[in-house]
Amino acid sequence: MIRVHSYESLGTYDGPGIRLVVFLQGCNFRCLYCANPDTIDAKGESKETAPEEILKMAVSQKPFFGKKGGITFSGGEPTFQAKALVPLFRMLKEAGAKEVHVRISSPPFLHPCYFGTDVPSNDQLIAAQHSTEEIRKMIGADSLGYMQIDYLEGMAGGLPLCKACFDGNYPMEIPAEIKQD
């Protein structure tokens, strides 16, 4: 089962062409300036959905996709449910999907966060261990995209924003007893 927060039919932002966007529920990071804060909680306002139900919805909307459109999984954090998504991606391809796109609603987490998210070491961060291309191949998607840091800064509206988990520039020295990397 896949925890789905909501759907957007005829979306045009999260990938090429007209798309069905599946917003997934759940994210471990809990970023202060999350683009989709209502999708953070692992259960939230979501519905456990059988992959076959998502497949059926995608197939029914296929006539609207044209040559470039398709399905995008966003969120929440799609890699939070990667084990459930990988078989669905295969099912979508077998049903004739030309492409499956994944969009992450944050920049890639490359460094541990010591200031609010519970990520104490790099070994828990897939983007710190693998390139975007390697992750894309691992999950079986045709594209994998992350939010750009400048977009995140724009969302903060000029307020102070710690980006250390993305760029490694911590706003203060990390005490040795906390730092695990």
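The values are calculated or read from the model by the stated rules, or taken from the named source; none is laboratory data. The structure presented is a predicted model; accordingly, all values stated were derived computationally and were not measured. Every residue, glycine as well, gets a Cβ built from its backbone with ideal geometry; the counts of neighbours run over all protein chains shown.
In segment 66-84, the residue that is surrounded by the fewest Cβ atoms within 10 Å (Cβ to Cβ) out of those that are closer than 18 Å to GLY11 by Cβ and out of contact with any Leu (no Cβ under 9 Å at 6 or more places or on another chain) is LYS67.
Taking segment 85-96 only, how many residues are surrounded by fewer than 20 Cβ atoms within 10 Å (Cβ to Cβ) and closer than 17 Å to ARG136 by Cβ?
4
Restricted to segment 105-129, and to residues there that are of a type in the set (S, T, N, Q) and either closer than 19 Å to ASN36 by Cα or at pLDDT below 75 (or both), the residue that is surrounded by the most Cβ atoms within 10 Å (Cβ to Cβ) is SER105. Checked against (1) surrounded by fewer than 22 Cβ atoms within 10 Å (Cβ to Cβ); (2) aliphatic (A, V, I, L, M); (3) touching a strand residue (DSSP E or B) at 6+ places or on another chain (Cβ under 6 Å), ILE40 passes all but condition (3).
Among residues of segment 157-181 being at pLDDT 80 or above and among the small types (Gly, Ala, Ser), the one that is surrounded by the most Cβ atoms within 10 Å (Cβ to Cβ) is ALA164.
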